[in-house]
Amino acid sequence: MNKSFVVIGGGITGVTTAYALAQRGHSVTLIERNRYAAMETSFANGGQLSASNAEVWNCWATVYKGMKWIFKKEAPLLVNMKPSWHKLSWFAEFIASSPRYESNTIATAKLAIQARDHLFAWAQQENIDFDLKKEGILHIYRDKAGFDHAAKVSTLLAAGGLTRRMSVFLMTKPNLSRADSVWIDSALPALQNSTEKTGISGRIAYGR
Ligand SMILES: Cc1cc2nc3c(=O)[nH]c(=O)nc-3n(C[C@H](O)[C@H](O)[C@H](O)COP(=O)(O)OP(=O)(O)OC[C@H]3O[C@@H](n4cnc5c(N)ncnc54)[C@H](O)[C@@H]3O)c2cc1C
């Protein structure tokens, strides 16, 4: 039976929801407060149709990172510290979800794969040419801790059906810490006893 729907917000979420409903034969009205669709968060983003970023942020590491970013002018994410009930309850919910970090990451990977498949299929169906490239995305890690964390995330994503390949490569890095130096030696035996440890390494994980 056909129904009538009103979708509020013409970003990627609203537009694709309206599209999916219309495809099922429903009558849809999409309401957007800006003059055009996708003028807010969906405007000029990174343009990646990737499932590789499915790791959820709900974990203590994000909280610590966020706290450090408060004091950094060039932080990638800024939080307005002015308190409000909505903000406090949002943070409480964010932290309360952290025990489900692993299961939520696996579930998000599954969802992301399905969403990506829908977007590819819809673009093809509607003949939308947007210079799509399916060559994968490089993730570059500059230290052992970052790479080790990515390896753990890869295991979770794989449980959700997303495989990421990982490999080792060389890049310069000044002021190697002792931990990094030891790691590089064990990761790259050929470099052991090298007199040229002026700055080496990082690794890459890349996925779809
Ligand atoms: C810098 C940056 C880079 C990113 N890069 C990527 C990427 O490469 N790949 C990726 O997948 N994701 C990326 N993202 C995330 C992605 O852009 C967002 O998750 C996505 O755009 C959110 O879409 P949305 O439709 O939920 O929200 P929005 O795009 O913000 O849409 C919400 C819409 O609702 C409208 N609205 C709100 N309230 C009302 C109201 N009361 N009445 C009418 N209309 C209303 C707003 O005007 C807006 O148009 C990036 C995000 C950022 C900030």
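Pair-distance distribution of the stretch 1-76: all C-alpha pairs, bin width 5 Å, starting at 0; shares per bin in whole percent are 3, 13, 14, 14, 15, 15, 12, 7, 5, 3, 0. In a DSSP loop and with at most 16 other Cβ atoms within 10 Å, the trypsin sites (Lys or Arg not before Pro) in the stretch 75-148 are LYS133, LYS134, ARG142. Extension gain, VAL63-ALA107: 0.36 nm per intervening residue step, less the Cα-Cα distance, totals 13.7 nm. Once you have a ≥ b ≥ c as the square roots of the Cα gyration tensor eigenvalues for the stretch 1-41, tell me rounded if a/c is under 1.5, and otherwise prolate or oblate according to whether a/b is larger than b/c. It is prolate, given that a/c is not under 1.5 and a/b is the larger ratio. Sparse packing (at most 10 other Cβ atoms within 10 Å of the Cβ) combined with a DSSP loop state is found for the following GluC sites (Glu not before Pro) in the stretch 91-152: GLU126, GLU135.
With the highest mean first, a sort of the peptides 67-79, 18-30 on other beta-carbon atoms found within 10 angstrom per residue produces 18-30, 67-79.
How high is the relative contact order of the stretch 1-145, in percent, with contacts defined as C-alpha pairs under 8 Å that are six or more residues apart? Worked out over the stretch 1-145, it gives 20 percent.
Each value in this text was obtained by applying a stated rule to the coordinates, not by laboratory testing. Worth saying up front: this structure is predicted, and the values here are computed from it rather than measured. We place every Cβ from the backbone using ideal geometry, glycine too, and count neighbours over all the protein chains shown.
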